[in-house]
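To keep things clear, I will list the structure first and then write my remarks on it.
The values are calculated or read from the model by the stated rules, or taken from the named source; none is laboratory data. Since the model is a prediction, treat every value here as computed from it, not as a measurement. Positions of Cβ are backbone-derived with ideal geometry, glycine not excepted, and every protein chain shown enters the neighbour counts.
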Amino acid sequence: MYCHAVCFSFSSNKNITCGEGGAIATDSNTLASRARQMRYLGISRDTWQRQDQSRPWEYSVAGPGFRCHLSDVHASIGLAQLQRLPEFAARRRRLASIYDTALAPLHGLAPVRRDLAGTIPNLYIVRVTKGRRDRVFERLLAAGILCGVHYSPNHLQPAFQAYTRPLPVTERVAGEILSLPLHTRLTDADAEWVAEELQSALESDLIPTHTPAAAAVG
């Protein structure tokens, strides 16, 4: 699929991090120029670009913009992280492969397609079926395993209320997804333990789908 630009996030839980921030990659000179201008308060040439001109303090605000450029400190962290990307990629793929093997035979999980050869897994998501996601989450949390849900559907957020319409498949899947721990400090043994606890949580989830109404007392 062709696109004009790709966005990358560098927040703390991503494949590489700057602490915060992100980047845009594009093969369009026009789009790149516009993005550079918008990230720096709409100024056509930033301080670095003006350093050699005779009056470097002079600048032009060519349009709307934001203060969205990385600080030197954050950029330095990102450059150091970038050198370790092959190492991080191998570790994340290894952990995802362990999860794939351990979770494949489990009942109560719907398959999620993965391409470990062509991607670096930032998240490891499973789908817990039959309305049991929240109960399984609570059991894993009780075992000391913090999972997450990535992400809540945008059309259910207040900011998009004016544009909301029913998306039943999206809403059903959103109620099933669960992100298991995945980061470069996770060991093989950690991943195997998470898989074992997930199996235990699925097998022990004996709560009936319909709870009988309590009898009246009087």
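The selection criterion, being part of a loop (DSSP other than H, G, I, E, B), closer than 23 Å to Asn13 by Cα, basic (Lys, Arg) and modelled with pLDDT under 95, does not hold for Arg165.
The lone criterion from (1) exposed (fewer than 14 other Cβ atoms within 10 Å of the Cβ); (2) without any contact (Cβ under 8 Å) to a residue 40 or more places away in the chain left unmet by Gly65 is number (1).
Would you confirm, using the coordinates I've provided, whether Ile43 is under 30 Å from Val149 (Cα atoms) and either modelled with pLDDT under 90 or of a type in the set (A, V, I, L, M, F, W, C) (or both)? Write out each step before concluding.
Details: under 30 Å from Val149 (Cα atoms): no; either modelled with pLDDT under 90 or of a type in the set (A, V, I, L, M, F, W, C) (or both): yes.
When the stated conditions are applied, Ile43 does not pass them.
Here's a check for you: in segment 6-46, which residue that is of a type in the set (Ser, Thr, Tyr) and in contact (Cβ under 8 Å) with a residue 12 or more places away in the chain is surrounded by the most Cβ atoms within 10 Å (Cβ to Cβ)? Only one residue fits best here, namely Tyr40.
Screening the candidates Leu140, Leu182 for the property of being surrounded by 13 or more Cβ atoms within 10 Å (Cβ to Cβ) and either touching an Asp or Glu at 6+ places or on another chain (Cβ under 7 Å) or of a type in the set (Lys, Arg) (or both) yields one hit, Leu140. So, Arg93, is that one crowded, with 17+ Cβ neighbours inside 10 Å and not aliphatic (A, V, I, L, M) or not? No: the conditions fail for Arg93. Pairs are defined by a Cβ separation below 6 Å, a sequence spacing of at least 6 or placement on different chains, a first member in segment 170-184 that is free of Cβ contacts under 8 Å to residues at least 12 places away in the same chain, and a second member that is among the hydroxyl-bearing types (Ser, Thr, Tyr) and in a strand (DSSP E or B); no pair meets this definition. When the residues of segment 96-122 are filtered to those that are of a type in the set (Ser, Thr, Tyr) and surrounded by fewer than 16 Cβ atoms within 10 Å (Cβ to Cβ), which remaining residue is nearest to Ser11 (Cα to Cα)? The selected residue is Thr119. Report yes if Ala89 is assigned by TED's automatic domain parsing to the domain that holds Leu116, aliphatic (A, V, I, L, M) and either modelled with pLDDT of 90 or more or within 23 Å of Arg185 (Cβ to Cβ) (or both), otherwise no. Taking the combined requirement at face value, the residue satisfies it.
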